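Shown next, in structure tokens, is the structure this report addresses.
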Amino acid sequence: MNAGMKALLMENLKTLKLSAMKRDLESCLRQARQEKLDYDEFLLNLTEIEVITRKENSYKRRLDEAKFPLLKPLETFDFGASPGLDARLIKELSGCEYVQKSRNVIFLGKSGTGKTHMATGLGIEACKSGIRTRFVTGCGLANELIEARDEKVLGRVIKRYAGYGLLVIDELGYVPFSKEGAQLIFQVLAERHERKSVIITTNMGFGDWTQIFGDANMTAALLDRVTHKAKVINCIWESYRLKETLKKSSK
Ligand code: ADP
Ligand code: MG
């Protein structure tokens, strides 16, 4: 290929915003010459690079947007350390079909049982699948909504929260909401109901959720919606942290 043609080709790739193909054109041409590849093989290689690069960039963008406090993937979760956990269910959930079906997942259990780790791991899988994901704590979400209301941008913030394919609300109930916080969280969950998925982690059994939200009627309405067709995972095993500490101290 002469220099003029290459310049034109580069220009076309730029116009078409095929930046990874543009970046790797030279090396792909060289490889094709060296390995005597056919046109179709060459084109396949070059387009494959664009596809892979875009997937990677989208994954990075999704991860950034999700704002996970710690990037704990499911790969580092030891299923053997959580006796009673249905590992098959977690593997199935990692396929993200529940998000396509707008179903919810609720992790119930004591502190240290791996709820945040599993919720984060599932969130990371969603990002990998190109699903817009956001991780918040219940308390953080309530504060953000109250602030938004005070600044008269509540509509915009609720719309943003309605837009995520997956919303992870961690530690629901660690701190009870104020009346307004509870109402605003209710509003976010109502917007998402049957349209988008939510993962909730909490140390409170459903019977105690009135303590989180204050109002009994609102809690009943919320539980009805959130738990409808949801996968509820009861984390009844001992705290992982505690077990680790005990292991260390017995050495
Ligand atoms: P919870 O949210 O239920 O309080 P975390 O998810 O924060 O618990 O887990 C506490 C700590 O123990 C974290 O560092 C987490 O990564 C780790 N952990 C919990 N369960 C497991 C497990 N089965 N395999 C590996 N690490 C675990
Ligand atoms: Mg937690």
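The values are calculated or read from the model by the stated rules, or taken from the named source; none is laboratory data. No experiment lies behind these values; they were computed from the predicted model shown. As a convention, Cβ positions derive from the backbone with ideal geometry for all residues, glycine included, and neighbour counts pool all protein chains shown. In case anyone asks, the SASA skips ligands and DNA or RNA and just uses the protein heavy atoms, side chains included. Shrake-Rupley method; radii C 1.70, N 1.55, O 1.52, S 1.80 Å.
What to note about this one:
- The one condition from (1) within 25 Å of W209 (Cα to Cα); (2) modelled with pLDDT of 95 or more that E92 does not meet is (1).
- Of all residues making up segment 180-195, the number that are open to solvent by less than 60 Å² (accessible area, probe 1.4 Å) and either modelled with pLDDT of 95 or more or not in a loop (DSSP other than H, G, I, E, B) (or both): 9
- Check on V175, over 22 Å from H228 (Cβ atoms), at pLDDT below 95 and among the hydrophobic types (A, V, I, L, M, F, W, C): yes
- Residues satisfying the stated conditions in segment 4-25, i.e. open to solvent by 80 Å² or more (accessible area, probe 1.4 Å), part of a helix (DSSP H, G or I) and either outside the structural domain of L44 (by TED's automatic domain parsing) or not hydroxyl-bearing (S, T, Y) (or both): M5, L8, E11, N12, K14, R23
- Members of segment 200-246 that are within 12 Å of ligand 1 (Cβ to nearest atom) and buried (at least 16 other Cβ atoms within 10 Å of the Cβ): I200, T201, T202, N203, I233, C235, W237, S239, Y240
- In summary, I124 fulfils each of the numbered conditions (1) over 20 Å from N57 (Cα atoms); (2) touching a Phe, Trp or Tyr at 6+ places or on another chain (Cβ under 9 Å) with the single exception of condition (1).
- With respect to the conditions (1) within 16 Å of ligand 2 (Cβ to nearest atom); (2) on the phi > 0 side of the Ramachandran plot; (3) at pLDDT 95 or above, T137 falls short on a single one, namely (2).
- Only residues that are in a helix (DSSP H, G or I), touching a residue at least 40 places away in the same chain (Cβ under 8 Å) and exposed (fewer than 13 other Cβ atoms within 10 Å of the Cβ) were counted across segment 77-98, and they come to 1.
- When segment 99-122 is limited to residues that are small (G, A, S) and assigned to a helix (DSSP H, G or I), the one that is surrounded by the fewest Cβ atoms within 10 Å (Cβ to Cβ) turns out to be G121.
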